[in-house]
1. Are any residues in the stretch A:92-105 facing another protein chain (nearest Cβ under 8 Å) and either of a type in the set (Asp, Glu) or in contact with a His (Cβ under 7 Å, 6 or more places away or on another chain) (or both), and if so, which ones?
2. Might you let me know whether the stretch A:111-134 holds any residue that is touching a residue at least 24 places away in the same chain (Cβ under 8 Å) and within 22 Å of B:Thr144 (Cα to Cα)?
3. From the list A:Leu153, A:Leu128, which residue is in contact with a helix residue (DSSP H, G or I) (Cβ under 7 Å, 6 or more places away or on another chain) and more than 8 Å from chain B (Cβ to nearest Cβ)?
4. Can you name the helices (runs of 4 or more DSSP H) wholly within the stretch B:248-339 that have at least 2 residues being in contact (Cβ under 8 Å) with a residue 12 or more places away in the chain and of a type in the set (Ser, Thr, Tyr)?
5. Could you say which residue among B:Gly205, B:Gly200, B:Gly222 is among the small types (Gly, Ala, Ser), touching a residue at least 12 places away in the same chain (Cβ under 8 Å) and assigned to a loop (DSSP other than H, G, I, E, B)?
6. How many residues are within 14 Å of chain B (Cβ to nearest Cβ) and not acidic (Asp, Glu) if we restrict to the stretch A:180-197?
7. Filter the stretch A:75-116 down to the residues that are at pLDDT 95 or above and of a type in the set (Gly, Ala, Ser), then identify the one that is farthest from A:Tyr217 (Cα to Cα).
8. Sort through A:Ala45, A:Ala27 and tell me the only one that's without any contact (Cβ under 8 Å) to a residue 60 or more places away in the chain, at negative phi and more than 14 Å from chain B (Cβ to nearest Cβ).
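The values are calculated or read from the model by the stated rules, or taken from the named source; none is laboratory data. Keep in mind that this is a model prediction, so the values were computed, not measured. No Cβ is skipped: glycine too gets one built from the backbone with ideal geometry, and neighbour counts run over all protein chains shown.
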2 protein chains.
Amino acid sequence: MSATAVASASHPASGPSIDDLLRLASADMKAVDAFIRARMESPVAVIPALADHLIAAGGKRLRPLLTVAAARLAREGRGAGETAHKLAASVEFIHTATLLHDDVVDSSRLRRGKVAAHLIWGAPSSVLVGDFLFARAFELMVETGSMRALKILAGASRVIAEGEVLQLTRAHDIRLAQETYLEIILAKTAELFAAAAESGGVAAGGSEPQIAALRSYGLNLGLAFQLADDALDYAGSSEALGKNIGDDFREGKATLPLLLAVARAGEAETAFWERALGGTEQAEGDFRRARELVASTGALRDTLDLAADYARAAKTALGAFTPGEWRAALGALADFAVGRAA
Amino acid sequence: MSATAVASASHPASGPSIDDLLRLASADMKAVDAFIRARMESPVAVIPALADHLIAAGGKRLRPLLTVAAARLAREGRGAGETAHKLAASVEFIHTATLLHDDVVDSSRLRRGKVAAHLIWGAPSSVLVGDFLFARAFELMVETGSMRALKILAGASRVIAEGEVLQLTRAHDIRLAQETYLEIILAKTAELFAAAAESGGVAAGGSEPQIAALRSYGLNLGLAFQLADDALDYAGSSEALGKNIGDDFREGKATLPLLLAVARAGEAETAFWERALGGTEQAEGDFRRARELVASTGALRDTLDLAADYARAAKTALGAFTPGEWRAALGALADFAVGRAA
């Protein structure tokens with residue numbers, strides 16, 4: 001396959017894309033990046049080095065993008081403003097801090113396509129640099145003078161931590177109720193998407209119905225993204241996911257594709273799941289069999305259907321705004337959340 | 001020895017004491033405790049369980065005590081007020097979060113006289129509950145509506161993290177410059193003492209010179225406490241310290257008593273320090289020899305003298321306030337910081 005064919009296969013022209021959104025927000029995101037760069041500095045050299053490892057890897061910067069886009073939407077396209085840029089940088093710092101702590105907690109090996117920071121600098125540095133970024137986020141928020149944004153993002157930070165602890169204590173229960181799984185992803189993922197969009201609305205001085213709509217959009221988008229991510233772990237490529245596929249399975253993490261497949265298993269499959277996820281060594285070929293079962297039981301399809309439902313709900317929330325290029329781009333983002341995994 | 005003799009030996013009537021301060025602040029500290037109790041709650045049961053393990057152990061609650069006392073001092077004894085109580089609870093949450101993360105980073109076994117939380121609930125839970133408490137601290141601060149207090153405590157949280165990382169990367173250098181050691185304890189300990197006192201002054205609506213004096217008092221007190229703690233690790237009892245004595249030595253942590261003793265070592269002693277702190281197994285009796293050298297080289301005395309200098313500077317800062325029982329009690333606290341180790 002030629003390089004061109006590879007590129008077009010991974011970005012089909014017809015599929016949903018965030019290209020419009022990235023183009024519209026490029027000047028804003030440059031301003032956000034400048035705050036991120038400036039505020040991850042420290043006289044203690046390991047701090048910017050470690051932070052840069054993760055931040056330079058980039059990821060999609062979805063969460064700060066949400067803050068900026070929400071501010072633009074609430075202002076009908078007029079400039080997002082410095083408050084929105086600072087809040088967007090804060091959101092990215094909070095997110096990066098949780099990634100650093102998560103990777104220590106899960107002993108993950110790969111993050112954003114790069115070796116996880118704790119494997120290079122050690123878990124202690126990852127914990128402490130996470131704390132640094134978290135504190136920096138609050139310093140940046142203080143600069144905006146917006147007590148309401150501080151309230152939103154402090155609350156979100158607390159909810160994320162609760163979600164992570166809940167996941168930690170329940171994550172290996174392969175008979176976890178679907179509601180508990182949703183409660184976990186609501187807290188550990190969707191809450192920050194919601195807070196990112198909501199705080200953008202606050203920065204822009206949006207009306208209360210607009211701010212509520214932005215929160216709803218973010219929350220539903222976050223659920224769609226997490227469900228699609230969890231599906232990708234069984235159906236995607238490591239490249240698309242930015243981390244090793246099969247990690248959730250190898251860690252015995254009870255995500256929805258797994259939970260549904262286990263619930264629908266016959267006797268032989270149940271024995272397989274219990275052995276493979278029972279905490280002892282997994283055998284060669286276990287992940288291949290897990291992928292097959294997740295697909296053949298319809299668990300994968302149902303997970304993606306649920307993701308699509310949330311993506312639709314996100315788009316519905318955008319109805320609170322007059323049509324325009326920002327609204328269209330945010331609608332496309334909701335499609336993209338699910339489309340990349342379809 | 002009779003029980004009475006034991007009691008009087010550990011609390012000599014003539015020695016410096018924080019009893020007056022604890023008595024004066026008892027109603028305030030009850031209000032602070034109520035906020036701490038209420039805000040460590042979470043539907044995720046492991047969070048309050050783990051937090052309570054550390055918070056019930058209590059320690060001296062010096063930092064929230066500082067916030068309350070600072071507010072009282074700035075108001076000439078009149079009620080500290082709910083803002084001061086909430087900020088005091090926030091300060092304790094920030095401190096508890098850093099303890100949880102520190103114990104993971106240092107693999108400590110004992111904290112406040114109890115088994116360290118990460119040995120019971122695991123390091124991942126300690127990391128995440130630390131994050132929860134940190135976020136809760138900011139939620140409480142938001143409730144006070146004081147942007148200035150948020151700025152002070154967000155800044156302090158960032159400085160603490162920087163100090164911890166600096167300590168992590170330099171802590172095993174037994175030829176560390178004394179200035180770098182002071183830079184570390186300034187950031188990791190004194191900054192929160194300073195912020196605790198300063199935010200109490202802000203809560204009370206103190207004048208700018210008063211707020212600056214409170215910050216200076218807290219900063220110098222924090223340095224005195226940390227220096228005395230570092231001395232106690234070579235000279236005290238595990239009971240007085242609330243953690244195992246000799247831990248710093250066993251971890252090869254470059255505290256001032258060690259640094260001074262190493263700098264003053266002859267050839268034989270240098271060989272001892274290099275072997276004992278070189279990263280290989282320590283021998284039976286190494287800590288006893290280290291204690292002897294720290295004492296015989298005058299390293300212990302000089303560390304305590306420096307602590308006494310900072311305690312004096314703390315008391316000098318109190319000169320910005322009219323004499324009274326609160327000022328006297330805070331003066332006694334500065335004496336106590338050093339006196340318990342003398």
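1. A:Val104
2. Here is the first cut: in the stretch A:111-134, the ones touching a residue at least 24 places away in the same chain (Cβ under 8 Å) are A:111-114, A:117, A:120-121, A:125-127, A:129-134.
Still in the running and within 22 Å of B:Thr144 (Cα to Cα): A:134.
Checked the stretch A:111-134: at least one residue is touching a residue at least 24 places away in the same chain (Cβ under 8 Å) and within 22 Å of B:Thr144 (Cα to Cα).
3. Numbers: A:Leu128 fails: more than 8 Å from chain B (Cβ to nearest Cβ).
The unique qualifying residue is A:Leu153.
4. On the way: elements: B:256-263, B:267-276, B:286-296, B:299-317, B:325-339.
In the stretch B:248-339, B:299-317 are the helices (runs of 4 or more DSSP H) which contain 2 or more residues that are in contact (Cβ under 8 Å) with a residue 12 or more places away in the chain and of a type in the set (Ser, Thr, Tyr).
5. Details: B:Gly200 fails: assigned to a loop (DSSP other than H, G, I, E, B); B:Gly222 fails: assigned to a loop (DSSP other than H, G, I, E, B).
Only one candidate qualifies: B:Gly205.
6. Kept after step one, since they are within 14 Å of chain B (Cβ to nearest Cβ), are these residues of the stretch A:180-197: A:180, A:183-184, A:186-188, A:191-192, A:195.
Those left that are additionally not acidic (Asp, Glu): A:180, A:184, A:186-188, A:192, A:195.
Matching residues across the stretch A:180-197 total 7.
7. Residue satisfying both the conditions and the ranking: A:Ala97.
8. Details: A:Ala45 fails: more than 14 Å from chain B (Cβ to nearest Cβ).
Among A:Ala45, A:Ala27, only A:Ala27 is without any contact (Cβ under 8 Å) to a residue 60 or more places away in the chain, at negative phi and more than 14 Å from chain B (Cβ to nearest Cβ).
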